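Working notes for the structure below.
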Amino acid sequence: MLFRWALLSETQCVRQQRKIKETHRHKSYPFTHTLLICYYSNKVLESSLWRSSDYGSTYTKLNLMPGTTIIVTNFYICPTNKKKVILVSSSINERDQMLFISTDEGSSFQRQPVSFTVDTLLFHPSEEDKLLAYSKEAKLYISTDLGHKWTLLQERVTKDRVFWAVTGADVDPDLVHMEIQDIGGGYLYVTCLIQNCSDKMVTAQFLGKIDHNSLSVQDEYIFVKVTTGNRTKYYVSYRRNEFVQMRFPKYALPKDVQIVSTDENQVFLALQEWYQTDTYNLYQSDPQGVYYSIVLENVRSTKQPEENVLIDILEVRGIKGVFLANQKIDGKVMTLITYNKGRDWEPLAPPTTDMNGKPASCKQPDCHLHLHLRWADNPYVSGTVHTKDSAPGLIMGAGNLGSQLVEYKEEMYITSDCGKTWRQVFEEEHHILYLDHGGVIVAIKDTSIPLKILKFSTDEGRTWSIHNFTSTSVFVDGLLSEPGDETLVMTVFGHISYRSDWELVKVDFRQSFPRQCTEADYDSWKLTDLQGEKCIMGQERMYRRRKESSFCIKGKSYTSALTDKPCQCTEKDFACDYGFERAPSLRLEGDRCYPDFWHDPDAPPENCHLGHSYKSSTGYRKVITNVCEGGLNKEQSAKQHSCPLLPPRGLQLGIKGQMLAVAPGDDITFIVHQEQGDTTSTRYQVDLMDGVRAIYENLTVTDEPIQHRYEKPGVYRVNVKAENSAGHDQATLYIQVTAPLQDVHLEVVPIAGRNQEVNLTAIVLPTEANLTVFYWWIGDNLQPKLSLENSLITRFSEEGEVPVTVQASNGRSMVQDSKIIIVYDHFQVIPLSFSRNLDRFNPNIPEWRQDVGQVVTKILAKVSIINTQTLELCLFYRVPTIKQVLSENNVSFIVRGGLRVLVTLADSDRGDSLMHPWLRFRKLPGRNVYAQMHNEKEQEMTSPVNHSEDTQNIIQGEEFIDDDLDSQTLGVVLSINSRELHSYLTS
């Protein structure tokens with residue numbers, strides 16, 4: 001029958017100024033009869049907003065702020081009331097952040113300035129005026145009046161890890177789930193109510209820190225992960241109960257986990273095991289999301305920028321339990337399909353004929369159909385495979401025929417019976433759009449050249465017609481249809497060139513279908529798998545389709561499902577239980593599930609308590625959402641056992657927040673976790689090592705936390721012993737109670753001899769700080785030396801200035817200090833003594849020692865009648881002159897209270913000691929005057945050096961003096977080198 005299609009195409013030119021070679025983008029938002037389209041470029045100088053209220057026939061430009069250039073950066077529509085729209089925008093200099101709020105589908109807008117930079121908005125799933133705003137400063141805000149007023153909820157919130165309450169799972173609809181960063185830098189999963197979300201009102205739902213970016217709230221499940229060392233553990237909460245560790249096969253050792261779906265009361269996920277690099281394995285869970293069994297190995301994965309991972313698995317929309325996946329084995333990629341949620345997988349059957357109706361050369365089992373399972377980067381075009389909930393059984397995708405998937409081949413294939421039979425329709429990839437529940441399929445070639453034609457089919461891809469949607473070829477940027485599945489109106493948008501205006505073409509198919517469909521316009525088809533099996537997921541399902549001869553509109557009232565009838569249960573309705581799997585190499589012995597070597601099917605589960613009973617696994621469990629009745633029951637032969645009293649195993653002790661170094665007086669919450677064994681009949685003995693002991697019966701972390709506070713600094717070894725009549729286990733935790741470090745002073749000699757021992761000493765404040773680790777950075781070496789002592793003996797092999805830095809850390813804080821040491825081949829030391837009363841007012845700080853060194857320097861300069869330009873720490877003297885001044889007792893100064901301090905030569909240095917070729921200084925009393933010589937030049941005096949009382953042999957080096965040197969040329973450097981002078985000074 002010849003049918004003339006009455007298609008109406010209307011082209012609108014949307015004028016938008018752009019620079020050549022810019023990348024153009026748009027955002028389109030459809031309503032009941034309204035289209036809002038915002039255009040802008042990557043080099044955004046301005047954006048324009050256009051509105052159509054007649055299915056795209058005409059457009060009006062909206063002027064949000066007359067006379068002001070603004071940039072609309074994002075667009076949000078309330079999911080429960082599509083009349084409510086919020087635009088996020090800013091001025092051209094990004095100083096003024098604004099929201100434009102509409103309650104009439106964009107007919108009018110109210111401007112609302114905001115004090116923060118909006119990154120994303122999140123509407124409440126059921127209450128239309130409530131929404132969350134995440135700022136670019138990582139802060140979370142709440143509005144209850146559609147964005148007019150905002151209140152800060154929390155700071156340091158992780159982007160994209162904020163979730164509203166889930167209806168049916170969370171009790172209070174005003175609850176917010178979020179991942180936040182604590183003050184210590186770790187990440188926590190917390191919840192709060194929007195009415196009060198202060199730090200004191202948030203509730204930590206997972207005791208302990210979680211990995212960054214790991215919180216996920218999906219339906220009845222909440223997922224987090226925790227990495228300790230090189231092991232990562234994954235946890236799940238089902239229906240908001242306590243978190244439980246997810247149980248994968250024992251030696252899976254997951255590197256990464258990606259959630260595929262959580263609908264139908266089951267978790268379907270992809271797990272990358274320790275040996276995999278570009279593939280993942282698919283697993284299914286029990287209803288609680290705890291125990292997982294493998295359903296398909298080696299599914300291809302691709303790593304995207306920003307650490308995103310794409311996994312080649314696609315849930316076919318419209319018919320539950322049907323998935324497509326690309327399996328990669330030995331470098332070859334094959335497309336597989338399952339009809340029973342992963343229980344069985346088969347390759348796709350190739351078409352029997354080619355596009356010309358001739359017999360196809362591709363024959364099974366050596367040749368199959370393979371499809372690319374990629375998502376489109378552009379949200380306004382279809383991916384490589386297109387399915388829709390309102391068009392069950394209709395799948396259209398790009399791929400090739402052969403023994404494996406070929407990347408550069410993208411021929412188009414279609415099936416209308418959910419993958420049982422396929423037809424090739426195009427030789428190149430096309431973008432696909434389903435209209436009127438799949439009653440019209442629109443295809444536009446995916447190409448970089450301009451187009452003016454589109455193709456469409458009204459008989460599920462059996463025949464195709466061509467329509468010239470524009471008189472001038474355009475670069476197609478995307479396809480857009482009205483919301484809902486009943487529409488027959490679409491819009492093609494693009495541009496003629498990079499200098500041209502935007503082109504929007506409305507294509508209206510309504511005139512081609514003059515009436516609504518009736519029951520007489522439909523026939524039916526029955527869902528079967530590739531083997532012709534009609535009982536799928538425990539039932540026979542019948543669907544309706546429009547007859548090829550009927551040109552009518554399915555409309556809003558159309559439903560695709562016709563009938564379903566339960567089947568008797570067979571072996572195909574049961575999958576392998578946790579700890580079991582099907583071995584392909586053993587299929588000749590039957591389609592059986594075999595226990596893994598590490599799994600004991602008769603072992604009691606972890607939550608088995610004395611007085612209760614459990615069933616040992618038969619190796620099978622009914623596929624979740626399978627509705628078969630009667631017949632075979634593979635679970636029926638499970639044996640009933642009484643729960644034995646199990647000894648405690650895997651006892652773990654930790655603290656909330658995982659900070660093992662705390663300050664005196666801090667509140668600590670200890671967490672006791674037991675991986676295996678009975679908990680109800682077990683006694684837990686806790687010794688906190690400061691005289692506090694406690695005994696707990698039936699210990700639970702949630703209901704009976706162990707809270708404590710240590711008042712005194714020290715190291716406390718906390719012990720927990722779990723014991724019942726079957727056995728015992730224990731765990732130990734070391735808690736460091738220490739105040740934060742305030743400061744550290746590095747005390748070193750200012751002058752050192754080459755290859756001679758030099759003592760470096762770090763003085764830490766407060767002095768009672770314990771368990772301090774010292775990092776010594778010497779010279780340009782990037783590898784520090786570590787010590788638990790506050791001193792280090794080292795040598796310098798080269799002359800010159802050597803920077804020395806010490807860092808002190810006690811687990812709660814880190815401080816550092818630096819000094820410069822000048823290294824010479826030759827120098828001389830003159831020891832000094834001070835009156836004992838010098839220490840009466842010694843505050844024991846570096847500044848005090850520096851001031852004493854400066855005053856002695858000035859006195860020597862004065863009494864020696866030496867005219868010098870600088871009297872800070874740098875003077876130049878001849879050694880005999882200095883010794884004469886000191887021996888005549890002419891050097892003294894007054895400290896606080898009028899006490900006079902006398903400075904003289906130390907006894908050990910009187911006489912001709914300077915003539916000795918070697919001078920060994922051990923525990924030297926008094927103040928030292930360092931005389932140094934280098935290349936017969938006068939040397940600059942360095943800053944005072946400080947030494948600890950605990951370091952007895954601070955100046956033990958052997959300073960070399962050449963007998964041939966003229967001592968008259970030696971310069972003098974003054975410094976104080978003691979921390980507490982009374983310990984080794986003499987009067």
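Structure summary
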| read-out | value |
| --- | --- |
| Placed amide H near residue 298: partners under 5 Å, 5+ positions off or other chain | 280, 281, 282 |
| Accessible carbon and sulfur surface of the stretch 571-643 relative to its total accessible area, %, 1.4 Å | 50 percent |
| Rh (Kirkwood; distinct C-alpha pairs) - the stretch 649-721, Å | 13.0 Å |
| q = 0.24 Å⁻¹, the stretch 609-708: log10 I(q)/I(0) [Debye, one scatterer per Cα] | -1.30 |
| Efficiency of FRET between residue 743 and residue 635 - r from beta-carbon atoms, R0 56 angstrom, step 0.05 | 0.25 |
| Loop-located trypsin sites (Lys or Arg not before Pro) in the stretch 228-305 whose Cβ has at most 12 other Cβ within 10 Å (DSSP) | 250 |
| For residue 711, solvent-accessible area (1.4 Å; no DNA, RNA or ligand), Å² | 120 Å² |
| Simple label model, 7 Å out from Cα along Cβ direction - residue 182 to residue 780, nm | 4.3 nm |
| Interchain or long-range residues, amide H under 5 Å from residue 474's placed H | 451, 452 |
| In order through the stretch 559-569: 3J(HN,Hα) via Karplus (6.51 cos²θ - 1.76 cosθ + 1.60), integer Hz, x for Gly, Pro | 10, 7, 5, 9, 9, 9, 9, x, 10, 6, 5 |
| Cα gyration tensor shape of the stretch 743-823, rounded if a/c is under 1.5, else prolate or oblate by comparing a/b with b/c | prolate |
| Segment residue 117-residue 542, length gained on full extension (0.36 nm per residue, minus Cα span) | 147.8 nm |
| Backbone N within the stretch 150-165 under 15 Å of label point (7 Å from residue 201 Cα along the Cβ vector) | 150-155 |
| Tensor-based shape of the stretch 519-566 (alpha-carbon gyration tensor, a/c under 1.5 rounded, otherwise prolate or oblate) | prolate |
| Largest to smallest accessible area among 375, 776, 274 [probe 1.4 Å] | 375, 274, 776 |
| Relative packing of peptides 139-152, 67-80 - highest average C-beta neighbours within 10 Å first | 139-152, 67-80 |
| Amide hydrogen neighbours beyond the local backbone of residue 821, cut-off 5 Å, H modeled | 802, 804 |
| Karplus (6.51, -1.76, 1.60) ³J(HN,Hα), θ = phi - 60°, over the stretch 222-236, in Hz, Gly and Pro reported as x | 10, 10, 9, 9, 9, 10, 10, x, 10, 10, 10, 10, 10, 10, 9 |
| Length gained when the stretch residue 734-residue 789 is fully extended (0.36 nm per residue, less Cα-Cα span) | 17.8 nm |
| Net length gained if the chain between residue 303 and residue 421 were fully extended (0.36 nm per residue, minus Cα distance) | 39.2 nm |
| Cross-link pairs 233/320; 328/572; 250/526 - those with Cα-Cα distance over 32 Å | 250/526 |
| Sequence ranges 521-531, 393-403, ranked by mean other-Cβ count within 10 angstrom, highest first | 393-403, 521-531 |
| Per-pair calculated FRET efficiency, R0 = 56 Å: residue 449 and residue 515 via Cβ, rounded to 0.05 | 0.90 |
| The stretch 482-555 - percent of accessible surface contributed by carbon and sulfur, probe 1.4 Å | 44 percent |
| Label-point separation in nm, residue 524 to residue 68, each point 7 Å along Cα→Cβ | 6.2 nm |
| Accessible carbon and sulfur surface of the stretch 297-396 relative to its total accessible area, %, 1.4 Å | 48 percent |
| Low-density loop cleavage sites - GluC sites (Glu not before Pro) in the stretch 52-157, where at most 11 other Cβ are within 10 Å (DSSP) | 94, 137 |
| Inter-label distance, nm, simple model (7 Å from Cα along the C-beta direction), residue 600/residue 562 | 5.5 nm |
| Fraction in percent of alpha-carbon pairs per bin - 10 Å, the stretch 423-558 | 10, 35, 31, 17, 6, 1 |
| Principal axis dimensions, largest first and in whole angstrom, of the stretch 571-643 by Cα | 41, 32, 19 |
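The values are calculated or read from the model by the stated rules, or taken from the named source; none is laboratory data. Just so you know, these numbers come straight off a predicted model, no measurement behind them. In this analysis, Cβ positions are derived from the backbone assuming ideal geometry, glycine residues included, and neighbour counts consider all displayed protein chains. SASA here: full protein model, heavy atoms, side chains in, ligands and nucleic acids out. Shrake-Rupley method; radii C 1.70, N 1.55, O 1.52, S 1.80 Å.
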